[in-house]
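Beneath this line is the structure, given in structure tokens, with notes to follow.
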Amino acid sequence: MLDKRMSLADIVAQLSDGMTIAIGGWATRRKPMALVRAIARSSLKDLTIVSYGGPDVGLLAASGKIRRLIFAFVSLDHIPIEPHFRAARQAGLDVWEMDEGMLHWGLRAAAMQLPFLPTRVGNGTAILETPGLKTVVSPYADGETLVAMPAIRPDIALLHVHRADEKGNVLTLSPDPFFDELMARAADRTFVTTEQLVETADLGLPGSARHHLVERSLIRGVVHVPFGAHPTSGAPDYQLDLNHLKTYAASAESADAWAAYRETYVDTDEATYLAAVGGAEAIRAIPAAIY
């Protein structure tokens, strides 16, 4: 398909109850939050979410969408533990928690079409008590016992990128793309939201090839959603909105606070959301956060 342009609703319509969905980005960076909000508004349920988590996980947990979470952390960075995630975890959310390197290795195994990859990560820790997690003995002279990290194969990967064309060529311009590429290669299908939808010639390929994380054949759909990562960072286009993240975190303090937040910022379209958070110019003016 040469024209892969879609709407948020088109993507949500291709999702179904019980799916395993990998969400790209890292904590408060490049999360496809417009898509996350669209899923929160939908009737979808019983999802397994794979994420280096941030407000994507918390918002979906608060919306009752997650059956199981596969994760290494869920943080808002400046707010160390995502409060809606914490509430869901304390209420008994089914989780598979692991080291960041193990999640990396599980995605990489799936991306390489392998059943598992051996690693030392997890040896000597309680992680080895995870039901079903196995070890393997090196067949070489060292005879070392290693963790056999199983492949993590999502049905769907959802990513946010900075530039894309209608064919599915995408550019991630931030210096920290982390594991988005592996999620795209591990998943059966990948959909992206993009800050700018441009002509292919305007992507600057092949000179910008280092930002071109995956080949276009892996991308099933592209949605043009300016500020689609807000309130997380879309740097270099805009920075994370710490003030809004504080507002979001406060919504976990009570059922009424969450209902008010959801009414204003979730149960609405993206244009209304953008206006509610101050508009495009206000977001572009946010200074870089200090870590």
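The values are calculated or read from the model by the stated rules, or taken from the named source; none is laboratory data. As the structure is a prediction and not an experimental result, all values here were calculated from the model. FYI the Cβ positions are ideal-geometry reconstructions off the backbone, even for glycines, and counts take in every protein chain you see. Side chains are part of the model used for accessible areas, which takes the heavy atoms of the whole protein and leaves out ligands, DNA and RNA. Shrake-Rupley method; radii C 1.70, N 1.55, O 1.52, S 1.80 Å.
Need pairs with beta-carbon distance below 7 Å; first residue part of a loop (DSSP other than H, G, I, E, B) and within segment 195-213, second of a type outside the set (Lys, Arg) and loosely packed, with under 15 Cβ neighbours inside 10 Å; sequence gap 6+ or separate chains.
So the pair list comes out as His212/Leu205.
Mind checking which pairs have a first residue in segment 139-166 that is under 24 Å from Ile21 (Cα atoms) and a second that is among the aromatic types (Phe, Trp, Tyr) and open to solvent by less than 40 Å² (accessible area, probe 1.4 Å), Cβ under 6 Å, 6 or more apart or different chains?
So the pair list comes out as Leu158/Phe191.
Residue-by-condition table, conditions (1) outside any helix (DSSP H, G or I); (2) of a type in the set (Ser, Thr, Tyr); (3) out of contact with any Lys or Arg (no Cβ under 9 Å at 6 or more places or on another chain):
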| position | (1), (2), (3) |
| --- | --- |
| Ala110 | no, no, no |
| Pro118 | yes, no, yes |
| Leu128 | no, no, yes |
| Pro139 | yes, no, yes |
| Gly143 | yes, no, yes |
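Restricting attention to segment 225-237, does a residue exist that is under 24 Å from His104 (Cα atoms), out of contact with any Phe, Trp or Tyr (no Cβ under 8 Å at 6 or more places or on another chain), among the small types (Gly, Ala, Ser) and open to solvent by 70 Å² or more (accessible area, probe 1.4 Å)?
No - not one qualifying residue is present in segment 225-237.
Looking at Leu203 and the list (1) surrounded by 14 or more Cβ atoms within 10 Å (Cβ to Cβ); (2) over 20 Å from Leu35 (Cα atoms); (3) at pLDDT below 95, which single condition is not satisfied?
(3) is the only condition that Leu203 fails.
Within segment 103-112, does at least one residue satisfy the condition of being touching a Phe, Trp or Tyr at 6+ places or on another chain (Cβ under 8 Å), at pLDDT below 95 and surrounded by fewer than 23 Cβ atoms within 10 Å (Cβ to Cβ)?
For segment 103-112, residues touching a Phe, Trp or Tyr at 6+ places or on another chain (Cβ under 8 Å), at pLDDT below 95 and surrounded by fewer than 23 Cβ atoms within 10 Å (Cβ to Cβ): absent.
Identify the residue in segment 140-177 that is open to solvent by 10 Å² or more (accessible area, probe 1.4 Å) and among the charged types (D, E, K, R) and, among all such residues, is modelled with the lowest pLDDT.
Here the answer is Asp176.
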